[in-house]
Structure formats: C-alpha cells, structure tokens
1. For ILE151, all conditions in the list (1) in contact with a Lys or Arg (Cβ under 6 Å, 6 or more places away or on another chain); (2) part of a loop (DSSP other than H, G, I, E, B); (3) not small (Gly, Ala, Ser) hold save one; what is the number of the exception?
2. Whether any residue in region 227-247 is of a type in the set (Val, Ile, Thr) and part of a loop (DSSP other than H, G, I, E, B) is what I want to check.
3. From LEU14, LEU86, LEU28, which residue is touching a strand residue (DSSP E or B) at 6+ places or on another chain (Cβ under 6 Å), farther than 30 Å from ARG124 by Cβ and modelled with pLDDT of 95 or more?
4. Quick check on my filter: what residues within region 20-37 are surrounded by fewer than 16 Cβ atoms within 10 Å (Cβ to Cβ) and out of contact with any Leu (no Cβ under 8 Å at 6 or more places or on another chain)?
5. Kindly establish whether GLU269 is surrounded by fewer than 21 Cβ atoms within 10 Å (Cβ to Cβ), modelled with pLDDT under 95 and not basic (Lys, Arg).
6. Quick check: is even one residue across region 101-111 under 27 Å from ARG261 (Cα atoms) and surrounded by fewer than 22 Cβ atoms within 10 Å (Cβ to Cβ)?
7. For region 272-292, which positions are under 18 Å from LEU231 (Cα atoms), over 25 Å from the mean Cα position of the chain (by Cα), surrounded by 15 or more Cβ atoms within 10 Å (Cβ to Cβ) and not small (Gly, Ala, Ser)?
Amino acid sequence: MNHNNLGDSGVKLLSGFLKDPRCTLRRLGLRCCSVGEKGCADLAAALSSNPAHLRELDLNTNNPGDTGVKLLAQALKDSRCQLERLGLVFCSAREEGVGALFSAFTSNPSHLREINLAGNQPGRGGVLQMSALLENPLCNLNIIKLSYCVIGAEAFSALSAALVSHPSVIRKLSLNFNELGDAGALGLAAAIKDPRCRLEKLWMRNCWIGEAGFVALGVAFRSNPSHLRELNLSANDPGDAGVKALAQFLREPHCKLETLRLNECGIGEAGCVCLVAALRSNPLHLRELALLQANAGEVWLGELLTNPHYRLDTLKY
C-alpha cells in the first residue's frame with residue numbers, strides 16, 4: 001500500500017481489518033501514505049489487539065511524530081509481538097519518541113532484526129535507550145540504519161560502548177551524515193577489532209572522520225579481516241596515513257571486502273599507489289572501487305580494469 005494518500009482516515013479503516021483475530025498479515029507497507037499521529041494511534045490499537053502475526057512494518061516518510069511513535073511503542077512491548085523489521089525513516093521522531101521505542105524493544109528484545117530510523121533526531125536519550133537494547137543478551141538486532149540522525153561523538157560513545165560489550169550481533173550499520181568525528185570512529189573501531197564482531201557492511205559517508213579515525217578503523221579491520229564485505233567512507237578526510245591503514249587491511253589474505261567507496265576523500269598519488277599495491281597483493285575479492293575526485297587516480301588505477309589479474313567489475317575515479 002506504499003505511496004498512497006491513505007491519510008489517517010484510511011489507516012483507521014485498515015486498522016479495523018488488522019484487529020480481526022482472523023487477520024494473519026505478516027508485512028504492512030505504509031510508506032509515504034500521509035499517516036499522522038491519529039493514524040498511528042489506530043494502527044497501534046490494532047497491533048495491541050492482534051499482535052502475534054506482523055513481522056514487517058514500513059512507516060517511512062510519514063508524520064507520526066513523538067506522540068504517534070510512543071503509541072506504537074506501547075503495542076510493540078507486548079510479549080506476543082514478534083515484529084522483526086521496522087522502518088520509520090523521516091517520521092519526525094525525536095528523543096522522547098525514539099527513547100520510548102527502544103525502551104519497548106528492551107522489554108521485548110528477542111525478535112527485532114532490523115530498524116531504520118534515518119532522518120529522525122534520537123538525541124542522547126534515544127541513543128542511550130538504543131544502547132541499553134544492544135547490551136541485552138537476548139537482543140538479536142543485526143541491521144541498524146541511523147543516517148541523518150544528528151548524532152555527535154558524545155551520544156555515539158554510548159552506542160559504541162554497547163557494541164564493544166555485545167559485538168557479535170550487528171551485521172549492517174549505517175551512520176552516514178552524522179558528525180561522529182575521529183572520536184566516534186575510535187569508539188567503533190574498539191568494537192570492530194573484537195574477534196566476535198561479524199560486521200559485514202559499514203556506511204560512514206560524511207561523518208567528519210580524519211586521519212586518526214581512519215587509522216583506527218584500518219587497524220581494527222586488519223585485526224578482524226574476514227567478515228566485512230562493504231565499506232563506504234566517502235566524503236571524509238583520511239590523509240595519506242589513513243589510506244595506508246586501509247590499504248594494509250586490503251593486503252590481508254583473509255580480507256574479503258567486495259565494495260570499497262572512498263569518493264571525495266581528497267586521495268592523492270601516494271594513497272592511490274598504496275591502494276593499487278594492496279590490490280596487487282590480494283586481488284581476488286574486491287568487485288567495486290569508487291574513488292571519485294581522487295587526484296592522480298587515472299595514472300595509477302587504470303591497470304585495475306585492464307589487467308585480468310584483478311577481479312574488479314566497477315571502478316569509478
């Protein structure tokens with residue numbers, strides 16, 4: 001039902017169907033459906049009446065606000081609720097709503113697998129509640145998407161500490177366009193280097209990460225090289241030392257990275273040389289390399305596509 005102008009009145013009618021004990025709907029898509037606070041209240045009431053079947057709920061790009069999200073949280077904390085995937089992208093949720101949501105999942109922690117809160121503002125309180133969920137040994141949340149969430153290094157420190165204490169669950173983490181800085185990267189690196197960490201995809205585009213953060217991440221990936229498949233660190237400022245640290249990770253024989261994006265990172269000739277040398281040592285796994293706006297890239301990177309020794313399918317520079 002995505003991209004329909006249902007509005008609150010339409011969701012109220014739909015909720016009557018969802019309340020029926022004979023309803024066994026497992027997936028509900030209401031993306032871009034003009035759902036507001038009242039619609040979310042009706043939806044929450046329906047889920048409270050019949051909580052056991054729904055596994056996936058997409059409310060992306062609606063306007064429930066904190067009040068609507070809090071009402072939804074009341075339904076989600078029911079122990080009979082087995083929701084696995086929740087999308088609330090750009091839903092005008094702030095600290096109060098996000099905090100209530102993660103408090104609910106902490107009460108009922110074992111089912112949620114994926115949450116997308118991009119474009120909301122969880123604040124420090126919301127991030128703390130999220131961290132409490134991740135520290136719960138029953139938590140099985142393995143995909144977290146927090147792009148454009150106005151999270152700074154101080155708030156992120158709680159999340160990275162939770163990942164350090166419980167590193168084995170997370171598989172995909174999206175943190176694009178948050179001002180995490182080197183401090184945030186250092187905190188995350190402490191979790192990544194733990195051999196129990198099995199992170200497969202990490203997106204940190206435009207996170208204000210400099211040389212020190214890149215070096216810490218490179219060292220962490222080199223310590224635990226075999227799980228990561230996709231890494232996006234575009235629009236940061238690694239410097240030569242940061243690129244060298246990533247290149248050392250790529251050299252690792254157990255490194256199986258398939259996609260690396262370093263667009264708009266100001267990478268110069270020395271960095272390009274390091275990357276090519278690393279791929280020459282370990283050419284079998286990387287399929288996509290994006291280095292848009294790299295300086296001197298054309299001179300050093302051309303051989304990656306023409307030489308059959310490499311397995312690259314896509315090279316952007």
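The values are calculated or read from the model by the stated rules, or taken from the named source; none is laboratory data. Bear in mind that the values here come from a model prediction, so they are computed numbers and not experimental data. When we count neighbours, we look across all protein chains shown, and the Cβ atoms used for this are built from the backbone with ideal geometry, even at glycine.
1. Tallying (1) in contact with a Lys or Arg (Cβ under 6 Å, 6 or more places away or on another chain); (2) part of a loop (DSSP other than H, G, I, E, B); (3) not small (Gly, Ala, Ser), ILE151 fails exactly one: (1).
2. No - not one qualifying residue is present in region 227-247.
3. LEU28
4. The answer is ASP20, PRO21, ARG22, CYS23, THR24.
5. The answer is yes for GLU269.
6. no
7. CYS272, CYS274, LEU275, VAL276, LEU279, ASN282, PRO283
Residues are listed down the side, and each one gets a yes or a no for (1) in contact with a strand residue (DSSP E or B) (Cβ under 6 Å, 6 or more places away or on another chain); (2) of a type in the set (Ser, Thr, Tyr); (3) within 29 Å of LEU117 (Cβ to Cβ):
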{"site": "PHE177", "(1), (2), (3)": "no, no, yes"}
{"site": "GLY181", "(1), (2), (3)": "no, no, yes"}
{"site": "CYS197", "(1), (2), (3)": "no, no, yes"}
{"site": "LEU202", "(1), (2), (3)": "yes, no, yes"}
{"site": "LEU231", "(1), (2), (3)": "yes, no, yes"}
{"site": "ASN236", "(1), (2), (3)": "no, no, yes"}
{"site": "VAL243", "(1), (2), (3)": "no, no, no"}
{"site": "ALA278", "(1), (2), (3)": "no, no, no"}
